[in-house]
């Protein structure tokens, strides 16, 4: 996967997030973007995913369809866990990813009845079961304990054999679990 | 433990019943005192005479036909109002231009006294259609405004998620917009019941369609039949209460059925 960022500018009111930012991400497998809060990691990924527009500059990427896991779970509260997944893929695939996340027993539950960690896993399952060329995961391990985090890392590692992933994280330890290349912002 | 809970519930029910009964007795007493103090049957009818007249109404077939006719017209107006309010509510939620265009119309309907519309409707329409039109006109803006605002105020994060995963319009409607709007829609329908009923009866009083509650109220006023006037007013109040309870129960039932059939998790909210 190659993503070329040329002279990117982005401002929110008076706050400048990027001023002629130029970088190239050329990687295979998993790329972990690391850095303290407020550096613009999420903004950059949102621009790459097409969720936000840059004020100036260009992004050249070799991915057409991007799957984006948000920092918030953003599950549809009105429908079941399974319906949240079948909104982006077929039922067979949805059930497969739910079982990977050990959530098959919760398929008919309301997202509101799940714990924070469970909701995070449903959100991750949705991002993974969406048919895309690139997966962007923004803080996917938020609210997960270490044991669960290692399990999820294994799933993400296996998925990255099929398509490349970018993960935003504060934690260097995540890169070790994931065998990821680190880019510091 | 079971016995004490059921005994407690029984006590609560009796207490509630006593409170309601005392309230009714208090107001009837006050009415009777006012009747005695004024001492003129033309101004205030006796509650006993009104009760007698109501008992006379009950076996009369015309009384039930009158109620049916009023109920039919006002219900039709209510259903049209809810339907049109929902359709226009959805349309203006997605088009800010149309929303701006229709805003003055909604404001005019909300602020203009209902009697102005009734008089205008009398000029435009056959008198049998006036209560239907007026009820529609009163119900539609409530449903319209609630549907529009609930769709416009749908969780922006969910909409962004739907865009990120390329949801089509129908999927967005089915999974996000409509379930977000349903509680506000149901609340609007409930609010509109009482308003629609009152406006419909007011329209009947002014346009006097045959065999309607309105014409009976009007005749009572014209022929200074105060007992009849009070009796029909009691009928209107009782019917309004029954209609409100009935429609609210039907709406709740439909809401639960539709939601469970569609596999939605939505709690009904009385906004």
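The values are calculated or read from the model by the stated rules, or taken from the named source; none is laboratory data. No experiment lies behind these values; they were computed from the predicted model shown. Neighbour counts run over all protein chains shown; Cβ positions are idealised from the backbone, glycine included.
Screening B:169, B:230, B:255 for residues that are surrounded by 14 or more Cβ atoms within 10 Å (Cβ to Cβ) and either within 14 Å of another protein chain (Cβ to nearest Cβ) or within 28 Å of residue A:113 (Cβ to Cβ) (or both) leaves exactly one candidate, B:255.
One line per residue, one yes/no per condition, for (1) in contact with a strand residue (DSSP E or B) (Cβ under 9 Å, 6 or more places away or on another chain); (2) more than 22 Å from residue A:163 (Cβ to Cβ); (3) buried (at least 22 other Cβ atoms within 10 Å of the Cβ):
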| residue | (1), (2), (3) |
| --- | --- |
| A:111 | yes, yes, yes |
| A:121 | no, no, yes |
| A:125 | no, no, yes |
| A:135 | yes, no, yes |
| A:140 | yes, no, yes |
| A:150 | no, no, no |
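Looking at (1) loosely packed, with under 12 Cβ neighbours inside 10 Å; (2) closer than 30 Å to residue B:141 by Cα, which one does residue B:30 not meet, given that it meets all the others? Answer for residue B:30: the failing condition is (2).
Here residue A:173 meets each of (1) at pLDDT 95 or above; (2) under 30 Å from residue A:5 (Cβ atoms); (3) surrounded by fewer than 20 Cβ atoms within 10 Å (Cβ to Cβ) with one exception, condition (1).
Starting from residues that are loosely packed, with under 14 Cβ neighbours inside 10 Å and without any contact (Cβ under 8 Å) to a residue 24 or more places away in the chain, keep the ones in region A:24-46 and report whichever is farthest from residue A:162 (Cα to Cα). Checked region A:24-46; the qualifying residue farthest from residue A:162 (Cα to Cα) is A:38. Looking across region A:122-148, the residues that are part of a helix (DSSP H, G or I) and touching a helix residue (DSSP H, G or I) at 6+ places or on another chain (Cβ under 7 Å) come down to A:122, A:124, A:125, A:126, A:128, A:129, A:148.
Here's the yes/no breakdown for (1) closer than 22 Å to residue A:142 by Cβ; (2) surrounded by fewer than 19 Cβ atoms within 10 Å (Cβ to Cβ); (3) modelled with pLDDT of 95 or more:
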{"site": "A:60", "(1), (2), (3)": "no, yes, no"}
{"site": "A:70", "(1), (2), (3)": "yes, no, yes"}
{"site": "A:88", "(1), (2), (3)": "yes, no, yes"}
{"site": "A:92", "(1), (2), (3)": "no, yes, yes"}
{"site": "A:100", "(1), (2), (3)": "yes, no, no"}
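For residue B:205, only one of the following conditions fails: (1) within 14 Å of chain A (Cβ to nearest Cβ); (2) modelled with pLDDT under 95. What is its number? Unmet condition: (1).
Scanning region B:129-145 for residues that are surrounded by fewer than 20 Cβ atoms within 10 Å (Cβ to Cβ), more than 30 Å from residue A:49 (Cβ to Cβ), in the same structural domain as residue B:66 (by TED's automatic domain parsing) and free of Cβ contacts under 8 Å to residues at least 40 places away in the same chain turns up at least one hit.
Here residue B:70 qualifies as over 28 Å from residue B:183 (Cβ atoms) and buried (at least 18 other Cβ atoms within 10 Å of the Cβ). Of the strands (runs of 3 or more DSSP E) contained entirely in region A:17-100, those carrying at least 3 residues that are within 14 Å of chain B (Cβ to nearest Cβ) fall at A:66-69.
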